[in-house]
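Structure first, commentary second.
The values are calculated or read from the model by the stated rules, or taken from the named source; none is laboratory data. The structure presented is a predicted model; accordingly, all values stated were derived computationally and were not measured. Reconstructed Cβ throughout: ideal geometry from the backbone, glycine too, with neighbour counts over all protein chains shown. Side chains are part of the model used for accessible areas, which takes the heavy atoms of the whole protein and leaves out ligands, DNA and RNA. Shrake-Rupley method; radii C 1.70, N 1.55, O 1.52, S 1.80 Å.
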Amino acid sequence: MFRENIEKMEGYTPGYQPTDSAAVKLNTNENPYPPSPKVIEAIRQVDAESLRRYPPILWDSFRQAGSEILDVAPQSIVCGNGGDEILTVLIRCCCDQNRPLIYPALTYSLYSELATIQNCPAIEIPYDDYNHLPKKLYNTDAGLTIICNPNAPTGTLVAIEEIAQLAGAVKGVLLIDEAYIDFAPQNCLELLKRFNNIAILRSMSKGYSLAGMRFGFAIASEPIVGAMLKVKDSYNLSIVAQAAATAAIKDQPYFKKNTQAIIAQRNRLIKELPMLGFDVNPSQANFILVKTTNKSAREIYDLLCKQNIFVRYFNTSGLTDKLRISIGTPDQNDRLLRALADIMGH
Ligand SMILES: *Cc1c(COP(=O)(O)O)cnc(C)c1O
């Protein structure tokens, strides 16, 4: 009944969304803090008249605020209904049967799903070492190459200069997925001045606590922006989402306070979990990837669920029996550590 590629695909599996508000939810890398009070205020101020009208096509207020904060031109910003829409639009711009999507793996599993929908090959080049890009990436016929940096689900970060070398080597577009960059010490924005085949993806879901609002954006060179504007839905972001995201990005003090608290808690878990017998990957994101010893990750996952604590369990090739834990508030992390100490018999 449907196109063959759609019939064959299984679809993206999102993390479990418990409805119990008492649950400690550390399974989908959301921000544990609410959005800035200024966001709630901006949403309240959306009036009937602006709901009656179509929203700005080119997200003028967000572009202006984002350009000031990131020090880029307003016209270099393209907004999407979540960073995920940015991925969809770029794949539609760049990929077809002769122009594959190529990315190092393991990484965000949505990339391959989107390639399947677009009916273009998704070529995964395995990392030998998550701290460096695989050499095979530098010489491909990709229509689009994606580097997730920091990478999900490993939390590892590749150096800017390595990505610069890749930008100089690839023939197609290079997308740097910086969904988690708000928790990392450096970003690739400066590369936009050096290369015109680069786009950088940002999300308001993680650092700015707006996963439920759906707002992401790309910063890209003029030709890439031009192509994306042709492909995107004309009114792709509601007036409410535009108002909320603009207020969120403008409130930098609030953003910095929360991201710093999350980084401090991340470093705390990286220090304390090994004392309970876990192997933790160093991470530059708002989650950690954990390998268990003595007990299987599956068993620990089940025991945590019983205590109303939800983390992400992975068991796929290359990611066998691992837990990915999003960083919560100090209280949530206390509860997690207590539960894990209990489970491990400490
Ligand atoms: C969260 C995430 C995105 C974008 O998420 P949105 O909620 O759609 O903004 C993109 N890439 C990766 C790797 C992510 O984890």
Taking the range 173-311, the equivalent ellipsoid from its C-alpha gyration tensor has semi-axes in Å, biggest first, of 34, 18, 16
Work out how far the C-alpha atoms of the chain reach from end to end along every principal axis, then list the three figures in whole Å, largest first. 58, 50, 47
List residues of the range 36-65, by number, whose backbone nitrogen lies under 11 Å from a label position 7 Å along Cα→C-beta of Y235. 50-57
Residue-ordered couplings for the range 89-101, obtained by feeding phi - 60° into the Karplus form 6.51 cos²θ - 1.76 cosθ + 1.60 and rounding to whole Hz (Gly and Pro as x), are 5, 5, 5, 5, 6, 10, 10, 8, 4, 9, 10, x, 8
Karplus ³J(HN,Hα) for the range 215-228 (6.51 cos²θ - 1.76 cosθ + 1.60, θ = phi - 60°; Hz, whole; x = Gly/Pro) runs 7, x, 7, 10, 10, 8, 6, 4, x, 5, 4, x, 5, 5
Please work out, to two decimal places, the log10 of the ratio I(q)/I(0) at q = 0.18, 0.20, 0.22 Å⁻¹ from a Debye calculation in which every Cα of the range 116-238 carries one identical scatterer. -1.09, -1.32, -1.49
Of the candidates G226, I181, G207, the farthest towards the positive dipole end of the range 159-238 (Lys/Arg Cβ +1, Asp/Glu Cβ -1, centred on the Cα centre) is G226
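Can you give the accessible area per residue of the range 191-346, in Å², using a 1.4 Å probe? All intermediate terms of the calculation are to be shown ahead of the outcome.
On the way: 6640 Å² over 156 residues.
It amounts to 43 Å² per residue over the range 191-346.
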Given labels modelled 7 Å from the Cα in the Cβ direction, how far is it in nm from Q252 to N119? 4.7 nm
Carbon-plus-sulfur fraction of the accessible area of the chain, 1.4 Å probe, in percent? 51 percent
Quick one: grab Rg to one decimal and Dmax as a whole number for the range 258-346, Cα atoms only, in Å. 12.2, 35
For the range 35-74, average projected area of the Cα convex hull in nm²: 3.5 nm²
Size of the range 194-235 along its principal axes in angstrom, Cα-based, largest extent first? 31, 28, 8
Among the trypsin sites (Lys or Arg not before Pro) in the range 115-190, which ones are in a DSSP loop with at most 14 other Cβ atoms within 10 Å of the Cβ? Mind listing them? K171
Of the listed pairs K25/K206; K232/K257; K171/K193; K271/K291; K206/K257; K136/K171, which have alpha-carbon separations greater than 22 Å here? K232/K257
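So which trypsin sites (Lys or Arg not before Pro) in the range 1-104 end up in coil per DSSP with only 11 or fewer other C-beta atoms within 10 Å?
Answer by residue number: R3, R53.
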Tell me the volume per residue, in Å³, of the convex hull enclosing the alpha carbons of the range 18-127. 203 Å³
The FRET efficiency for D321 and Y16, from their Cβ-Cβ distance with R0 = 22 Å and rounded to 0.05, is 0.80
Give me the tail of P(r) for the range 84-137 as a percent: Cα-Cα pairs with distance above 14 Å. 50 percent
How high is the relative contact order of the chain, in percent, counting Cα pairs under 8 Å that sit 6 or more residues apart? 23 percent
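Divide by every residue of the chain the summed helix terms, -39500 (n - 2.57) for each DSSP H run of at least 4, and state the resulting mean residue ellipticity at 222 nm, rounded to the nearest 500 deg cm²/dmol.
When only DSSP H runs of four or more count, the value is -11000 deg cm²/dmol.
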Restricting the count to DSSP beta bridges whose residues both fall in the range 79-191, what percent are antiparallel, rounded to a multiple of 5? 10 percent
The chain: antiparallel bridges as % of DSSP beta bridges, rounded to 5, reads 55 percent
Cα convex hull volume per residue for the range 139-197 (Å³): 83 Å³
HN-Hα J couplings of the range 333-346 from phi, Karplus 6.51/-1.76/1.60, θ = phi - 60°, integer Hz, Gly and Pro as x? 5, 4, 4, 4, 5, 5, 4, 5, 4, 4, 4, 8, x, 8
